[in-house]
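Since the structure comes first, as C-alpha cells, the remarks are kept for the end.
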Amino acid sequence: MKIKNIMHLEASAGWGGQEMRILKESLGMKNLGYNVLIAVEKNGGLYQQAIEKNIKTYEIRFKKIFWFFSFFKLIYIILKNKIDLIVTHSSSDSWLGGILGKIFKIKVIRTRHLSTTIRKGLNSRILYGYLADFVITTCTEIVTVISEQSKKNINKIKCIPTGIDQDVIKVSDEEIINFKEKHLLQNSFLVGTACFMRSWKGIDDFLNAAKLLEKENIKFLIIGGGHSEKYINLAKELKLQNVFFTGHLENPYPAIATLDIFLLLSTAHEGISQASLQAAFLKKPLITTRTGGLKEVCIDNFNGINVSNNSPLEIKSAIMKIKNDNKMKEKFGENSSIIIKKFTIENMLLETDKIYNNL
C-alpha cells in the first residue's frame, strides 16, 4: 500500500531544532503530495507554527496521566484522517504511536533527533525494535548505537540530517552594516554562537574563552534565547565587557553573517546543528566540539577546528589560530560552502520520500 496520509506525533512542548525539523519535513512532504497532520503537546511551541503554515494540527496531552484519554483521541484522529503512517519524535509519543500502529497495522517511523545513547535493555528493544518499523536519526554516529542497543537490523535505521532551506538564508550587505551599527560592532573581530541556550550548549565554555581573550580586539556574540539569565549572570560575574547577548531574533541570519568565526560548543545531545549549517552556508569558519553530528559539519582542518568539551584554553587557541591566519580563515570559509551541499532540505525530503516508498 502506498503511503498517503501521515501523522506526526510530538510530545515536546518546546520550540527548538527538533520541532523546526518536524515543521520543515511536514511542509516538504505536503508539497510532494502527501497529506500531513501533526498532533503536538497542548500549548506546545510547534502548535501555533504549524497552524500558521496551514498544517492540520491537534493538541494532545502526552504525559502519562493523560494517556488513557489521549489514546482514544488519537484513535479518533487516525480513523477520521485515514492515517497510514505514524512518525514519532519523543519518548511518550513513541509509546502511544507505536502501540496504535500495532493495533491498526499502521507503519511507524521513530525519529531520533538527539545524539545521546538510548536506554539499554527491554525499553529500547520495544520502542525502537518492536514498535517501530523504521528509525531515522539526524546524525550518523547514533545509527550503530541504536542498532546494537535495540537489536534492530541496521538496514532499518538511516541517518537523514535536517536540511537547510538555502532560499531562506538571504542576507544583504545593508543588513550586516545595520546590525553592526546597532550593536556598535564596527571594526571588531567578531566571534559568535547561535542556539537556544541550554545547559549542554557550552555557553559557559564560550564565556570562559571570552574571558581569556578579553585583552584582544575581539567581541563575542551569543545569538538566541532560552535559559539566558544564568549566562547573563555568569558574564557579569566574570566582568566581561566583550560579550553581547542579542536575545531571540526572528531573523538571526544578519547576526550570523557579521561573524568572523562561528562556534558551537555543545557537550551532549547535538545532532546535525542547524545553526552550524547556516553559518557554513554563510561561508563562516567553524569551531565546534566533536559532540554528535557537529563533526560532520565542522571537519577538522578543512572548514574549521574541533575542540574538546569543556576546554576554554583549546577554544582560545583555535580562535587565535584562525584570527592570525587570514588565508586559513578564507580557506575554511570557502570549504564550509562545499560541506553544505549535502545538507540541503531537498536532499532531506528526497531521502525521506524513499523510505516512505520502501516501507
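The values are calculated or read from the model by the stated rules, or taken from the named source; none is laboratory data. Given the structure is predicted, the values throughout are model-derived calculations rather than measurements. As a convention, Cβ positions derive from the backbone with ideal geometry for all residues, glycine included, and neighbour counts pool all protein chains shown.
In region 156-169 there is no residue that is touching a Cys at 6+ places or on another chain (Cβ under 6 Å) and in contact (Cβ under 8 Å) with a residue 40 or more places away in the chain. Listed by first and then second residue, the pairs linking a residue in region 229-247 that is more than 20 Å from residue 185 (Cβ to Cβ) to a residue that is part of a strand (DSSP E or B), with Cβ atoms under 9 Å apart and 6 or more places separating them unless they lie on different chains, are 230/197. Scoring residue 199 on the criteria (1) buried (at least 16 other Cβ atoms within 10 Å of the Cβ); (2) in the same structural domain as residue 291 (by TED's automatic domain parsing); (3) not in a strand (DSSP E or B) leaves a single failure, condition (1). If the condition is being closer than 19 Å to residue 77 by Cβ, in a loop (DSSP other than H, G, I, E, B) and modelled with pLDDT of 95 or more, then region 32-57 contributes 34, 53, 54, 55. Within region 134-143, being surrounded by fewer than 19 Cβ atoms within 10 Å (Cβ to Cβ) and touching a residue at least 40 places away in the same chain (Cβ under 8 Å) holds for 140, 141. For region 349-359, the set of residues classified as in contact with a strand residue (DSSP E or B) (Cβ under 9 Å, 6 or more places away or on another chain), in contact (Cβ under 8 Å) with a residue 24 or more places away in the chain and not aromatic (Phe, Trp, Tyr) consists of 351, 352, 355, 359, listed by residue number.
One line per residue, one yes/no per condition, for (1) at pLDDT below 95; (2) under 26 Å from residue 250 (Cβ atoms); (3) assigned to a strand (DSSP E or B); (4) not assigned by TED's automatic domain parsing to the domain that holds residue 224:
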{"residue": "15", "(1), (2), (3), (4)": "yes, yes, no, yes"}
{"residue": "21", "(1), (2), (3), (4)": "yes, yes, no, yes"}
{"residue": "25", "(1), (2), (3), (4)": "no, yes, no, yes"}
{"residue": "30", "(1), (2), (3), (4)": "no, yes, no, yes"}
{"residue": "59", "(1), (2), (3), (4)": "no, yes, yes, yes"}
{"residue": "69", "(1), (2), (3), (4)": "no, no, no, yes"}
{"residue": "72", "(1), (2), (3), (4)": "no, no, no, yes"}
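Just need a number here: residues in region 298-326 that are among the charged types (D, E, K, R) and either in a strand (DSSP E or B) or crowded, with 18+ Cβ neighbours inside 10 Å (or both).
Of the residues in that region, 4 qualify.
Being touching a helix residue (DSSP H, G or I) at 6+ places or on another chain (Cβ under 7 Å), acidic (Asp, Glu) and on the phi < 0 side of the Ramachandran plot narrows it down to one of 270, 250, 237, 296, so name that one.
Just a single option satisfies the conditions, and that option is 270.
Based on this model, can you work out whether residue 340 counts as β-branched (Val, Ile, Thr), at pLDDT 95 or above and at negative phi? For residue 340, the condition - β-branched (Val, Ile, Thr), at pLDDT 95 or above and at negative phi - is not met.
Here the condition is being touching a residue at least 24 places away in the same chain (Cβ under 8 Å) and part of a helix (DSSP H, G or I); of 329, 341, 295, it holds for 329 alone. Determine whether residue 184 is surrounded by fewer than 16 Cβ atoms within 10 Å (Cβ to Cβ) and either hydroxyl-bearing (Ser, Thr, Tyr) or in a loop (DSSP other than H, G, I, E, B) (or both). Yes.
Between 228, 273, which is modelled with pLDDT under 95, of a type outside the set (Lys, Arg) and within 20 Å of residue 333 (Cβ to Cβ)? It would help to see each step written out before you state the result.
Details: 228 fails: within 20 Å of residue 333 (Cβ to Cβ).
So the residue among 228, 273 that is modelled with pLDDT under 95, of a type outside the set (Lys, Arg) and within 20 Å of residue 333 (Cβ to Cβ) is 273.
Quick one: in region 229-278, which of the residues that are surrounded by fewer than 17 Cβ atoms within 10 Å (Cβ to Cβ) and acidic (Asp, Glu) is nearest to residue 182 (Cα to Cα)? Going through the qualifying residues, I end up with 250.
Here residue 217 passes the criteria (1) closer than 25 Å to residue 20 by Cα; (2) surrounded by fewer than 17 Cβ atoms within 10 Å (Cβ to Cβ); (3) of a type in the set (S, T, N, Q) except the one numbered (1).
All conditions in (1) in a loop (DSSP other than H, G, I, E, B); (2) hydrophobic (A, V, I, L, M, F, W, C); (3) more than 21 Å from residue 144 (Cβ to Cβ) hold for residue 272, with the sole exception of (3).
Residues in region 322-337: is at least one modelled with pLDDT under 95 and under 30 Å from residue 158 (Cβ atoms)? Break it down stepwise before answering.
Initially, region 322-337 is screened for residues modelled with pLDDT under 95, giving 337.
If we keep only those that are under 30 Å from residue 158 (Cβ atoms) as well, we get 337.
Yes, region 322-337 contains at least one residue that is modelled with pLDDT under 95 and under 30 Å from residue 158 (Cβ atoms).
Condition check ((1) in a helix (DSSP H, G or I); (2) crowded, with 22+ Cβ neighbours inside 10 Å; (3) not β-branched (Val, Ile, Thr)) across all residues:
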site	(1), (2), (3)
114	no, no, yes
118	no, no, no
126	yes, no, no
145	yes, no, no
148	yes, no, yes
158	no, no, yes
161	no, yes, yes
167	no, no, yes
174	yes, no, yes
